[in-house]
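Working notes, structure below.
Where a number appears in this text, it was derived from the coordinates with a stated rule and is not lab data. These numbers come from a predicted model, not from an experiment. As a convention, Cβ positions derive from the backbone with ideal geometry for all residues, glycine included, and neighbour counts pool all protein chains shown.
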Amino acid sequence: MNGNGAFSSPSAGRVLTPFNLVTGIILLGGAAIVLLRFAKGLGATTNLSHTNPWGLWIGFDVMTGVALAAGGYVTSSAVYLFGLKEYKPVVRPAILTGFLGYALVVVGLIVDLGRPWRLPYPFVVQAGPTSALFEIALCVALYLATLFVEFTPAAFEWLGWRRWRKAVGAMTIALTIFGLILSTLHQSTLGAMYLVTPTKLHPLWYSPYLPVHFFISSAATGLSMVIFEGMLSHRIFNHQVEVSHEAFDRLTLGLAKAASIVLAIYFATKVLGLAQGDKWRLLATPMGLWFLLEVVGFVLLPCFLFALGVRDRRAGLVRFTALLVVVGVILNRLNVSIFAFNWTLPAEERYVPHWMEVWVTLSLVAAGLWAFRWIVNRMPILHEHPDYKGMH
Amino acid sequence: MTISRRGFLGGLAAGTGVLLGKSGASAHEHFAGYAGRVGLLHDTTLCIGCRSCEAACSTVNHLPPPAVPLSDPSAFEKKRRTTDKQLTVVNRYVPAGGKKQAVYRKLQCMHCNEPCCASVCFVKAFTKTPEGPVLYNPDVCVGCRYCVMACPYSALGYEYDNPTSPRVMRCTMCYDRIKQNLQPACAEACPTGAITFGKREALIGVARERLRKQPGRYIDHVFGETEYGGTSWLVLAGVPFAALGLPEGAGTEPLPSLGSGFLSVVPLVVTIYPGLLLGFYAFSKRKERLSEAEQKAAVAEALARAEEETKKKLAAAAESAAKDKEKAIAQAVKRAIAEAEAARAAAPAGAGPGKEVQS
């Protein structure tokens, strides 16, 4: 596996690589659409309606984005709180992905909000603490700050600021606990947002356990994202990676073991949700088949495949399965926010994203990749800085 | 599994009150409602679909007249809904069965007793006034549209075409007119008496009276009396309410209690996690320390054992070396003696005894 110079090399003279061209065009187009959105309004750039006020920018950029950025809290808790020290090499990339992910969630939100310049209003003008969104806004703001501080050691090492580096290192445990509290709260509360819509969200997805479903699936997603992203990093930035392939495979299998268990718990709580409302009958409807595809195909199957991969020590199978889980969580969040929402309405009143909404979402992903590459090529993310080995 | 959701959330909810304080309409303990508040009754059996209410509504709210003119019957071809430019619309519903004639229902904000829009707003832009209307304050609105998404009646509209100051648009029950002791414009404009304005309690009495007097004409229920904790707009109908697009299976529990009940978990997590996690951290540290100590002890023991063995070996080696030496000396002495004797015995004259033997 050779490093892919098109994406990874900081000093390569070639700027016009296929990756740069494609993502560059996407980003330029995205910027133009965002300008249009602020010049003409959401009506000109989205398919949002009075009936469907939340579309792809909430369903994917926020709901799914937050779940996909869960690797930070999962890995930092495992290493710093639960003492699984051997997983330390995966913490920094996971924290960086989490930080960039949350930053992009906020960018997506700014594009979607009607008056984004009022974003601080809940905290400085008038608080609405009965709203699940209030809690999420507070937690996401604090967690973004936490992730930023958790990311700074890499930046300080790069800059050579030893004293700052040491000061942040001393805060590791406190930051990790704070991050886990905030993540538990907002990951679950994103699901709790839908508790007020029992008539709009399909009963197979609606459940008083929605917050529990969102939280547990975020943990499985975090683990799977770390596996998936680790694979990409090892292929693309392999000249930076210090961990041997054998050691890396061992970590991958360990993460898969944890993910398999978390998925089993998640599946059980999904079954509880069905049992709690006695919703078994609904499984035999078209929406029921769609639900089964999500829960069997993207929860139970990966749970089994992870276990199989661990038993037979097949890192390749585990990596494929991680991708399955990531697709599954995207499907779940989009089901709750879009596909199973307003499900009783006739087709012409249902939401289908405008191409400009899709484009902006792709731009956010592209921006995340650019930022990740820029940082990884400069700072000690995928490898330890030789001067700071073994530090917190 | 028969966990009662209400029981589960209710138990958790106990703590929330402490944290959130009393927040009027959006507090989720049951709120019986302000006494003497007003409401409106829409008797769909009297509504003829003239849409005068739509026109009157547009006028008093300074909105453009209804997109489809009142004289144009095509307005009923499609189900319309309230928008940012039309705060009320009248739809025609043809109930299944064919024999029954069309029914018209007026859609607008229902002005819930415990409005979901108010409870989900993170800047508290909505207020349930003591008079009954739910009011919206665009000066704090951030434009997240959670209220639009959460409204069980899908009654809220949003100004998607306004890039700088979009507002949520909805019926205000003509709050300003009510304050001036006027009726809401729609009630005043209604030519058939299908819309009645008054104190909510009195309107429920009026509705009950109609149900009692003409049981054949009505479904025996006042929609809005208890739905999601009750609404200010009440609806009477001769066909099932679901056929008129009103939410089927609407419970009596106010929606805000479903939403904010979970928030009582927040103080719990914040209280329990630090101690619990520090505990886990301490355990992992302790385990690490113990295993380190164990490792150290094992190394020390191995070293000690190795040392002892070395000593033993050395001693054995020294002993055997000493023995070997003794033997060698004894042998050498023996040989020397033997040689000396042989030399003496064979010594010819002249050979001195002191002559060294070369061997």
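Some notes on this structure:
- Rounded tilt (10° steps) of A:355-376 against the dominant C-alpha axis of chain A: 20
- Per-selection Kirkwood Rh - the range A:299-392 (Cα, Å, 1 d.p.): 17.5
- Quick note on the range B:29-132: its Rg to Rh ratio, both from C-alpha atoms and Rh being the Kirkwood radius, is 1.03.
- When only Cα pairs below 8 angstrom with a gap of at least 6 residues are kept, chain A shows a relative contact order of 29 percent.
- Hydrodynamic analysis of the range A:186-317 uses the Kirkwood radius over alpha carbon pairs. Inserted into Stokes-Einstein at 20 °C and 1.002 mPa s, it gives a translational diffusion coefficient of 131 µm²/s.
- Spin-label model, A:F148 to A:L362: label points 7 Å out along the Cα-to-beta-carbon direction sit 3.1 nm apart.
- Note on A:L272 and B:A321: the model spin-label points, each 7 Å out from Cα along the C-beta direction, lie 7.5 nm apart.
- Cross-link reach list, aspartates and glutamates versus B:K285, counting only Cα pairs under 16 Å and skipping chain neighbours closer than eight places: A:E86, B:E294
- B:A242/A:A264 FRET efficiency (R0 51 Å; Cβ-Cβ; nearest 0.05): 0.80
- Semi-axis lengths (Å, descending) of the ellipsoid that matches the C-alpha gyration tensor of the protein assembly as shown: 77, 27, 23
- Cross-linked pairs A:K200/B:K106; B:K85/B:K199; A:K40/B:K124; B:K124/B:K179; B:K179/B:K199; A:K85/A:K389: Cα-Cα separations exceed 19 Å for A:K200/B:K106; B:K85/B:K199; A:K40/B:K124; B:K124/B:K179.
- Its residue count N fixes a reference of 2.2 N^0.38 Å for the range B:93-248, and the Cα radius of gyration divided by that reference is 1.13.
- Rounded FRET efficiency, nearest 0.05, which uses the C-beta distance separating B:A306 from A:W117 and R0 of 56 Å: 0.15
- Global geometry of the range A:275-321, whether rounded, prolate or oblate, following the gyration tensor of its Cα atoms and the 1.5 cut on a/c: prolate
- Prolate/oblate/rounded label for the range A:234-373 (Cα gyration tensor, a/c 1.5): oblate
- Angstrom value of the Kirkwood radius, inverse mean 1/r, which spans all Cα pairs in the range A:121-227: 16.0
- For the range B:210-232 and the range A:228-286, distance of Cα centres in Å: 51
- Shape of chain B, Cα gyration tensor, a/c cut at 1.5: prolate
- Estimated from the Cβ-Cβ distance and a Förster radius of 25 angstrom, the FRET efficiency linking A:R162 and A:A247 is about 0.30.
- Kirkwood's formula applied to the C-alpha pairs of chain A gives a hydrodynamic radius of 21.9 angstrom.
- Isotropic mean projected area of the C-alpha convex hull, the range B:207-359 (nm²): 24.3
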